[in-house]
Every structure is written in C-alpha cells, then in structure tokens.
Amino acid sequence: MFDNGFSNYLANEKRYSAHTLRAYESDLRQFFEFAQSADENFNPLTTDHVVIREWIFFLMDNGDKPRSINRKITTLHTYYKYLVREGLITDLPTKKIIKPKTEKNLPYFVDKGAMQELFDTFQFPDDFEGQRDHAILLTFYCTGMRLAELCGLKTYDIDFYNTQLKVLGKRNKERIIPFGIELKACLKSYIEERNKVAVDNDFLFVTVKGEPVYDKLVYRLVNKYLGEVTTLDKKSPHVLRHTFATHMLNNGAEIDAIKELLGHANLAATQIYTHTTFEKLKQIYNQAHPRA
C-alpha cells in the first residue's frame, strides 16, 4: 500500500529524511493491517473517519502514548492529502479526527558536571573506535546537530581554517556551525586515524571496515558512554542535542542564535529550552531561598 508515488512525494517534494520515511511506512502498514483485519474488503480510497477512529481507540487500548498516536494521525493525514492531490479521492477522511491531548514533556539533558566528567576524566579506549567515539560524542555536544546530520557528514564539510562545519539538515537545508579548539584538535586526531583505515568514501565517521557509520551504531555508542556518567532514563544523540541547547542558553546565548545553530524552522521549536532553564531556576530558588 505504501506505493512508490507517495514515497517519492515524501522524499523529493516534502524532502523527508530516510528515518521519517521508515516511520511513515511503518505507520501506514499498521493502519492497513488493522483495517484489513476488520474488513477484508478494505480499500484506502473509500476509507471514512470511522475506521480511523476505531484504529485510534485500538492504539489507546494497547497502551500507545498520545504523542505516538498523534504522529500516526499525521502520517494518515499526509497520505490522504496526497491522494486528494493525485485526484484519487475528493475528501479527507482525517478532517473529522481530533488528536489526543499530550503533555508537554521537558527535554532530557545531561548536566554540565556529567559532561565535564565524560570529556575530562573518562578514558576512551586507545584505539580507532575509541578515538572515533570520542569525536562523535564531542561533535554532538559542541554542535547540537541531529543524528542524521552527523551520519551524513563528509570530510570536506569540515573547515579547520575557519573552525566551522557544514551540515545538511531537514528539507535538505544547509547550515554552518562554528566549533572550538577542543573539537578541532579531536577531529584532526581522529581523521589521522581514519586515514589509516581502508576507506573508499568521503564520510567523516566510519566503521573499522571503512564503511559509513549508521544511526543504530551511533545510538548504541552514545547510550553506552552516557551511561558511564549519568543515570538519565534517556541516553541518546537527541539528548546531547538538548544538552547543547540547554547549556548554551544557561551560559547566556541568545535564543535566536540557538535557533540558527539547531536549524529550527521557527522559534517555537527552540523555546522549549527556556522552559527547561526556568524549571532549573525554580529548583535552585526552592533549595536556596529561606522562604521558598
């Protein structure tokens, strides 16, 4: 059911990442399987809002969280908007669907002391993978880039003279991120080791076999090393992105500047970090003020 036309539309016109494409494909497959189990004659071109609502109730009964359900509804809405655009249907069955309310969860971030312990005290393995992993973690923390952006980095994206790098973000939008002398030295040291590996591509971060690193590998190594310094439930590349933004804001960076560094399309996506820092201020106030 996830036809090539819709897939091409998402990839080429919406410019969604490979990760998002996989999520859309999974969501649609789940919906189609549910609908076909209820009606073996199910046809997506004649679907109405009733079967979609039944699917939502099914997801809720099975413990899916509102945020996850809302993403799946967005997938369906995008799919049916595509069918309208192609002239295959005339009305959107999703327009009568109301999304479940979600709680606004503050982003997880690693505190400054734990990050200092990771880079100043913890000993990374003294081999190629250890140097690579160190460089990956420091790149995340010093730039705030996304997982897909890091995996897509090429060696020629690094400008050591101007201490800046170029990343290809969402919707294939490029941005330039500055970096400091610590990351510069770390990347130079890593690249020296990288050049000793049989590599036939331009990707910056590679495996011991010279192949580009992939998202699951990077996720695993970030989870592993953050586990050495923090007890947070979530220990992922995106937590390091949150950590970058929160520490920048706590140290006086303007929120507009953080927005540009993160590659957010609008300021609303960045403002969640002001809530994070305010919660920290409240905690400090309650602990320190005698009348709190």
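Derivation of every value follows stated rules applied to the coordinates shown; laboratory data play no part. Values in this document were obtained by computation on a predicted structure and should not be read as measured data. Here the Cβ is made from the backbone with ideal geometry for all residues, glycine too, and neighbour counts use every protein chain on show.
Please arrange ASP157, ASP233 by how many other C-beta atoms lie within 10 Å of their C-beta, fewest to most.
ASP233, ASP157
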| query | What ranking do MET115, MET145, MET248, MET60 get, fewest neighbouring Cβ atoms within 10 angstrom at the top? | reply | MET60, MET248, MET115, MET145
| message | Could you give each residue of the range 57-62 its phi-based ³J(HN,Hα) in whole Hz, using Karplus coefficients 6.51, -1.76, 1.60 with θ = phi - 60°, and x for Gly or Pro? | response | 4, 4, 5, 5, 5, 8
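How much length is gained if the chain between VAL208 and ASN223 is pulled fully straight, taking 0.36 nm per residue apart and subtracting their Cα-Cα distance, in nm to one decimal? Walk me through the numbers on the way to the answer.
On the way: separation 15, 0.36 × 15 = 5.40 nm, distance 1.95 nm.
The VAL208-ASN223 span can extend by a further 3.4 nm.
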| note | Candidates for Rg and Dmax of the Cα atoms in Å are [x] 22.4, 69; [y] 18.7, 60; [z] 23.3, 74, and the calculated one carries label [x]
| remark: Contour minus Cα-Cα span, ASN41 to THR274, at 0.36 nm per residue, comes to 78.8 nm
| field | Cross-link pairs beyond the 30 Å C-alpha cut-off, checked among LYS14/LYS96; LYS188/LYS235; LYS72/LYS154; LYS170/LYS235 | value | LYS72/LYS154
| field | Cα centre as origin, Lys/Arg/Asp/Glu Cβ charges: the chain dipole, Debye | value | 860
| task | Output ³J(HN,Hα) for the range 196-212: one whole-Hz value per residue in order, computed from phi by the Karplus curve 6.51 cos²θ - 1.76 cosθ + 1.60 with θ = phi - 60°, and x for Gly and Pro. | result | 8, 8, 6, 10, 10, 9, 9, 5, 5, 9, 10, 7, 5, 8, x, 8, x
| Charge dipole (the range 112-287, unit charges on Cβ, about Cα centre) - positive-most of ILE191, PRO212, PHE128 | PRO212
| field | In order through the range 36-51: 3J(HN,Hα) via Karplus (6.51 cos²θ - 1.76 cosθ + 1.60), integer Hz, x for Gly, Pro | value | 6, 5, 7, 8, 5, 9, 3, 9, x, 6, 10, 5, 10, 5, 5, 5
| said: Need the list of aspartates and glutamates near LYS224 for cross-linking: C-alpha distance under 16 angstrom, and skip anything on the same chain fewer than eight residues off. | reply: GLU117, GLU129, ASP133, ASP215, ASP233
| remark: Checking rank on 71-84, 257-270, with mean other Cβ inside 10 Å and highest first, the result is 71-84, 257-270
| note | Relative contact order in percent for the range 112-287 (Cα pairs under 8 Å, 6+ apart) equals 24
| request: Pull up the cross-link candidates among the aspartates and glutamates for LYS259, meaning alpha carbon to alpha carbon under 17 Å and not fewer than 8 places away within one chain. | output: GLU149, GLU174
| request: Taking the Cα centre of the range 1-146 as origin, work out the dipole magnitude from +1 charges on Lys and Arg Cβ and -1 charges on Asp and Glu Cβ, in debye rounded to 20. | output: 800
| request: Please give the net charge around PRO93, taking every other residue with its beta carbon less than 13 angstrom from that of PRO93, where Lys and Arg add +1 and Asp and Glu add -1. | output: +1
| task | Find out how many positive minus negative residues lie around THR163, taking Lys and Arg as positive, Asp and Glu as negative, among other residues whose Cβ is under 14 Å from that of THR163. | result | 0
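Using just the helices of the chain, give the 222 nm mean residue ellipticity in deg cm²/dmol: DSSP H runs with n ≥ 4 each add -39,500 (n - 2.57), and the total is spread over all residues, rounded to 500.
Rounded to the nearest 500, the figure is -16500 deg cm²/dmol.
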| request: Give, in nm to one decimal, the length gained when the segment between ARG171 and ASN266 is fully stretched (0.36 nm per residue of separation minus the Cα-Cα distance). | output: 32.8 nm
